[in-house]
Amino acid sequence: MYLIPKKLDEEIAIVPKIPDNEKGLYAFQQENVFLLGNSNMQYVLQMDEHRGKISLLHWGDPVSTLNPLPYDWRVSGGDEYSSIYSDFPIYGDGDDREPALKLSSLTTGITSFDFKFKDSQVFDGKIGELPSGLPSTYTENDDEAKTLLLKLHDEDADLELRLYYTVFREFNVIARHTEIVNNGKEVISIERIASCSIDLPPSPHEEGYNFLQLQGAWAREAQEVWNKIDYGKYVVGDTEGSQVHRANPFVAITDGIVTEDTGTVRGFSLIYSGGFQSVLQVNQMGLLRINIGMHPDIFKWKLEPGEFFTSPESVAAYSSNGLGQMSRDYHRLYRTRLARGQWRDRLRPILLNTWEPFLFTFTHDSLVDLAKSAQGTGVELFVLDDGWFGARDSINAGLGDWYPNLKKLPKGLKGLAEDINSLGLDFGLWVEPESVNPDSDLYRAHPEWAVEVPGKAGVQMRNQLLLDLTNEEVQNHLISIMTELFSSANIVYVKWDHNRFISNPFSRTLPPDRQSEFCHRYMLGLYNIVRTLTSRFPQILFEGCAGGGGRFDPGMLAYMPQSWASDNTDVEERIKIQWGFSYVYPLSMLGAHISAVPNHQVERVTDWASRAAISHFGTFGYELNMLEFSEEDKKQAMVDSKVHLAIRHLVHHGDWYRLRSPYKSNWPGWMCVSPKGSDEAIVLTYQRLRHSRETTPSYLLKGLDKDKKYVVLEMPHARKKFTFGGDELMKRGLLTSFSHDFECHLFYICEVGKFTETNS
Ligand code: GLA
């Protein structure tokens, strides 16, 4: 039976034969159709038996019948069988749009390949870590997911293309990656390889398709940017190579009118920390193609006979309930089935970081004094940031020399950690292992380990060069020096920073014909290092950082369950940054600290309560010189820490709802609702600017139970107790008022009956 017949009257609808007890999770082949899905989402691929090509028939809500596409929807050019809905378009294959795969044979010069369907396989569960050590989502037992593997074959070059699709029972996403195996005799160059490519028909809605990207820069990360998708090509991407400051590896496509709670959204996220690209293209026939993968401008790979290559994993999310549902799916998946290790499910400690209080200027005694001043404020973890090692008195020297500066720290790290521990605080440390200052012992001993083109000085950023992580010797050095360091004292937390990106990509250990592999090999080297260290030190909580939020991405999240979101801690800036990251990333990942005013980046003065309120929606901490605290400040910090201890289970593990956008409204807001049911919630409301004689609109809360009664308390002082029906909070809204600019309010909500004075 052909589902792409020559004549329309031969067409037959597909009736998916899914047994009732398997509707919650399935992946199977029915004739020449492959069906994957769960109770909310269906992904249907069709194999054209004439050409052996795979195309996407449906990705959306589950349906009971699937009729073939009308004739004019699926032919292009002169070939009546060429489907225009390709699920993995290949360069040179009669489709002139953005290809997912482009190869060229270095043996014959041929650039067109004809991959035809050969075989398929379905298995329970999924591959937990991709070959070459690329991070990916995983399952804890095989019952959670099913994976379809499609194998396509190019006969002439004897190449196998493997397309993996995993569907989960609990998450409305498809995880995909691509593999190429060279079974032939030719040497192949992979010019580009996407992790996922999707073709969609013209939008059925008048409003058409729009897309969201998270653009950014240092101290202005994850800015929400929307564009209408019209004819032409839109490219979102980042070629920094080892940071994703400029664009986060994510796009979302909305179809028609979409709000936080309604409408169709498809998200595309890439589990990768290097250069990525997502292309959105509408061709002359109005068809939309979206792909996401490694950035082809900084990637090319030589595939010798007998070798294979695996792409990073992409996660495509589907929601028919708006942007909020998409985000909640990403949050749960990434928090529970991408993040790994002992800290995955643990609530995060309240920390005090020395960077903003001290920068590079401190001694053992001043650190201990600072730690003493934190006693009684609720701080649980004391983090020694930059400046503790080698000749590191400024950004000019010392990176690479990972031994304590005994002039500053005469008792070493061990003695310092003991003194901090004796004050009842845990001890944590900052490192930046991937870089080296030319003014360092490491560079003097091993200049050849730095990323520089021989004979030419490398471009420095923050006076530093990268180390060549493509070189195994460098990887082993970093693993052993960090192992020694992390074992040298009672270190329970590590902040892993990365303050520059790749320039002058070149390795002295790669042959000339593999230099174009540098950027990807750098990432593979990095993943090898962090995988080894995080499994060697499972008790350590690792926090990623890259000049603020330059590595706030799913790749690092696989190993480091939290990440510093931005060096910008101003309230007005942070609400936009945290809002942006919340489209994809769980709040258990998001580093948020109260810092001093005037703010270091924008010099704005905002009140303490507002800085605290914003910081509660992440992994809470302080970047404040508590030695300068008045008794009043100290009491204030104590109250805020208590608030955080009381609500962190909601923030780190709860369900996230965006209420009103800081990009659109003068009164943004958001909330987290108890993961165990709708019995508790925490809400943030915010006024950007006070305008004369303007009335604040109410906040329509979400995720509560309309039939329950709730106590609403304004935090931090548990003022004003009111009782509301869930229906009133969600339909009439929470009424609040503000008095000044940049003002946050925090409300704790608890079901009547479960509320006690202790949880207030
Ligand atoms: C980066 C980080 C900061 C701090 C400094 C130290 O900028 O984002 O938090 O650790 O490095 O040099």
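Checking each residue in the range 345-365 for being open to solvent by 30 Å² or more (accessible area, probe 1.4 Å) and touching a helix residue (DSSP H, G or I) at 6+ places or on another chain (Cβ under 8 Å) picks out D345, L347. Please go through the range 538-559 and pick out each residue that is of a type in the set (A, V, I, L, M, F, W, C), more than 10 Å from the ligand (Cβ to nearest atom) and outside any loop (DSSP other than H, G, I, E, B). L541, F542, M556, L557, listed by residue number. With S674, S678 as the choices, which residue is farther than 20 Å from E572 by Cα, open to solvent by less than 10 Å² (accessible area, probe 1.4 Å) and not assigned by TED's automatic domain parsing to the domain that holds E221? Just a single option satisfies the conditions, and that option is S674.
Out of all the residues in the range 241-249, is one or more touching a strand residue (DSSP E or B) at 6+ places or on another chain (Cβ under 9 Å), under 30 Å from L159 (Cα atoms) and assigned to a strand (DSSP E or B)? Looking for residues that are touching a strand residue (DSSP E or B) at 6+ places or on another chain (Cβ under 9 Å), under 30 Å from L159 (Cα atoms) and assigned to a strand (DSSP E or B), one finds at least one in the range 241-249, hence yes.
Of the strands (runs of 3 or more DSSP E) lying entirely inside the range 560-671, those containing at least 3 residues that are open to solvent by 30 Å² or more (accessible area, probe 1.4 Å) span 655-660. Looking for something in the same structural domain as P131 (by TED's automatic domain parsing) and without any contact (Cβ under 8 Å) to a residue 24 or more places away in the chain - is there at least one such residue anywhere in the range 259-270? No, that holds for no residue.
Quick check: is even one residue across the range 501-508 within 16 Å of the ligand (Cβ to nearest atom) and not assigned by TED's automatic domain parsing to the domain that holds L587? For the range 501-508, residues within 16 Å of the ligand (Cβ to nearest atom) and not assigned by TED's automatic domain parsing to the domain that holds L587: present. Please work out if W564 is within 16 Å of the ligand (Cβ to nearest atom) and out of contact with any Pro (no Cβ under 8 Å at 6 or more places or on another chain). Answer is yes for this residue. Taking the criterion of being more than 27 Å from V673 (Cα to Cα) and not aromatic (F, W, Y), the residues of the range 607-648 that qualify are E623, L624, N625, M626, L627, E628, S630, E631, E632, D633, K634, K635.
Here A681 passes the criteria (1) touching a Ser or Thr at 6+ places or on another chain (Cβ under 6 Å); (2) assigned to a strand (DSSP E or B); (3) farther than 25 Å from G549 by Cβ except the one numbered (1). Quick check on the range 277-284. Is at least one of its residues over 16 Å from Y583 (Cβ atoms), in a loop (DSSP other than H, G, I, E, B) and at pLDDT below 95? Looking for residues that are over 16 Å from Y583 (Cβ atoms), in a loop (DSSP other than H, G, I, E, B) and at pLDDT below 95, one finds at least one in the range 277-284, hence yes.
Checked against (1) touching a His at 6+ places or on another chain (Cβ under 9 Å); (2) under 16 Å from Y403 (Cα atoms), Y443 meets all criteria but (1).
Step by step: first the residues of the range 715-724, then only those that are crowded, with 17+ Cβ neighbours inside 10 Å and part of a strand (DSSP E or B), then the one that is modelled with the lowest pLDDT. Which residue is that? I'd like the intermediate steps shown before the answer.
Of the residues in the range 715-724, the ones crowded, with 17+ Cβ neighbours inside 10 Å are 715-716, 724.
Still in the list and also part of a strand (DSSP E or B): 715, 724.
On the way: M715: 91, F724: 95.
Per the criteria, the residue is M715.
The values are calculated or read from the model by the stated rules, or taken from the named source; none is laboratory data. None of these values were measured; they are calculated from a predicted model. Please note: Cβ atoms are built from the backbone with ideal geometry, for glycine as well, and neighbour counts cover all protein chains shown. Quick note on the areas: whole protein, heavy atoms, side chains included, nothing else; ligands and nucleic acids left out. Shrake-Rupley method; radii C 1.70, N 1.55, O 1.52, S 1.80 Å.
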